[in-house]
1. At a 1.4 Å probe radius, carbon and sulfur cover how many percent of the accessible area of the stretch 1-41?
2. Scan the chain and report its longest stretch carrying no GluC sites (Glu not before Pro) that are both in a DSSP loop and have at most 15 other Cβ atoms within 10 Å.
3. For the Cα atoms of the chain, what angle does the longest principal axis make with the long axis of helix 109-122, in degrees from 0 to 90, nearest 10?
4. As a test question: what accessible area, to the nearest 10 Å², does L15 have when a 1.4 Å probe is rolled over all protein chains in place?
5. Compute the angle between helix 22-31 and the longest alpha-carbon principal axis of the chain, please, reported from 0 to 90 degrees and rounded to the nearest 10.
6. Averaged over all directions, how much area does the convex hull of the C-alpha atoms of the stretch 80-121 cover when projected, in nm²?
7. At a 1.4 Å probe, what is the % contribution of carbon and sulfur to the accessible area of the stretch 83-123?
8. I'd like the accessible area for T122: 1.4 Å probe, protein heavy atoms, all chains in place, Å² to the nearest 10.
Amino acid sequence: IMASAVKPGGKVYALEPNPALSPGLQKLTQNSGELIEFFQLAVSDSINSHNTSIPFFLYPGHSMWSSLSATVVESPEIINVQAVSLSDFIHEQKLTKVDFIKIDVEGVEYKVLRGLSRYLQTAAAKPVILCEICMGIADIR
């Protein structure tokens, strides 16, 4: 739905580490023409991020609970995923302008925003940021 709001010449970059959600996102990407590009990556505050593999907590049957933070009582399956900061991702993709960023990361919002800070400090035009906050599980350390 949000991809339909992209201006002509614009693009959606979808970053998702959860392997259970990858097939659906890959199909969506294929059906979008060149509008959407999918990367199987976690987003955090990682430095030298593509060299960073971090734990990701999977909750089979509850994919929306899965996160970089152990967020619920059930015992998760733990896998390692590649991580990137948004500042590094924007730089690596050679993006000159970012208009909109949607963040939905189940409890690690602070780390994602911290990883975006370098870009925000230097960007001429600041993006609109839509950030879901999981108050009960937010990692604010």
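The values are calculated or read from the model by the stated rules, or taken from the named source; none is laboratory data. This is a predicted model, so every value here is computed, not measured. Don't worry about glycine lacking a Cβ; one is built from the backbone with ideal geometry, like all the others, and counts go over all protein chains shown. Accessible surface is based on the protein model in full, side chains and every heavy atom, while ligands, DNA and RNA are left aside. Shrake-Rupley method; radii C 1.70, N 1.55, O 1.52, S 1.80 Å.
1. Values: 1580 of 2760 Å².
Carbon with sulfur: 57 percent of the solvent-accessible area.
2. On the way: sites that count: E34, E74, E132.
Between exposed loop sites, the widest span is 75-131.
3. 20
4. Here the residue's solvent-accessible area equals roughly 40 Å².
5. 20
6. Details: hull surface 13.7 nm².
Reported value for the Cα convex hull: 3.4 nm².
7. Working: 1100 of 2130 Å².
Carbon with sulfur: 52 percent of the solvent-accessible area.
8. Surface accessible to solvent at T122 totals approximately 110 Å².
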